[in-house]
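The values are calculated or read from the model by the stated rules, or taken from the named source; none is laboratory data. Fair warning: this is a prediction, and the values are worked out from it, not measured in the lab. Glycine also receives a Cβ, built like all others from the backbone with ideal geometry; neighbour counts cover every protein chain displayed. With ligands, DNA and RNA removed, areas are computed over all heavy atoms of the protein, side chains included. Shrake-Rupley method; radii C 1.70, N 1.55, O 1.52, S 1.80 Å.
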Amino acid sequence: MALLIGTPLPLSAVAQTRPSTSANAAPRHLDPRASLAVLVAINVQMALTQSLFAEMGVLALTVVVMAYCRRFFAIVRWLAFYVLFAVTAQLFVASGNTLLSPFAASLLMYRHVLPAFMFAFNMIATTRLGELASALQAMHVPVNVSVAVCVAFRFLPTMGREFCAVADAMKTRGIALTPKSVVRHPARTAEHFLVPVIARLGQIADELGNAVVVRGVGASTHRTSYYHLRLRAIDVACLIAAMVLLALSVCFRAGVL
């Protein structure tokens, strides 16, 4: 039966014909300028003090940012690593075995810098490359530096996908990449895994170089951007929190607190 003109459609039909905005919506993330400033402040703070209080502050800030970005599974995974490092290091220290002291010190160092890695990987996972390039240009960063940062920013996720692709190809050939296979056949594992990965490195470098040239990075004119950057309340709050934590770290370093 044909629908008459002016007859209202049922709600189910309207819901089906309406374009979905959630699928195309941009993921929630901080402004790239705020993320870079917070990341620099976190790294400076980690280098200044070994205080557990400051470390907990950075961890709490990072968890809040990741929760704002709706990366809850990543929060659980990173916190599991943090607890694993902390508990294992304390067990090594409590054992009193001097042979385990270097391992305990290494685990404590990894635990100390893990919040900074959490924030950096969350920034990589949620920030678009075009937004980062626009932010660096707005901050008047030299072109050579901005290109290097963008290439490094894009290189890590690309290599992660390449590792997964090579591992899947090994599985289809009946060569599973497991700790047992690495111990029993290290040479064969290196041949079937490292050689393809190294070969892909050159191809990826060429592709990234061509992408940089196509985007007109070497042009002398001012480049426009599709993205409009704007600091929001969450960006300002994270910047204030990072500066407060950095000030506390300076006070701990100077012996004031």
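For this structure, a couple of remarks:
- Subset of the stretch 47-76 [over 18 Å from the mean Cα position of the chain (by Cα) and open to solvent by less than 70 Å² (accessible area, probe 1.4 Å)]: Leu48, Thr49, Ser51, Ala54, Glu55, Gly57
- Filtered residue count, the stretch 153-191, keeping only those that are open to solvent by less than 40 Å² (accessible area, probe 1.4 Å) and in contact (Cβ under 8 Å) with a residue 24 or more places away in the chain: 6
- Within the stretch 86-141, the set of residues being among the aliphatic types (A, V, I, L, M), without any contact (Cβ under 8 Å) to a residue 12 or more places away in the chain and outside any helix (DSSP H, G or I) comprises Val141 only.
- Test: Ser225 is of a type outside the set (D, E, K, R), open to solvent by 60 Å² or more (accessible area, probe 1.4 Å) and either modelled with pLDDT of 75 or more or in a loop (DSSP other than H, G, I, E, B) (or both): no
- Flag for Ala94 being under 26 Å from Ala242 (Cβ atoms) and open to solvent by 30 Å² or more (accessible area, probe 1.4 Å): no
- Taken together, the criteria place Tyr82 among residues that are in contact with a helix residue (DSSP H, G or I) (Cβ under 7 Å, 6 or more places away or on another chain), under 30 Å from Ile234 (Cα atoms) and open to solvent by less than 80 Å² (accessible area, probe 1.4 Å).
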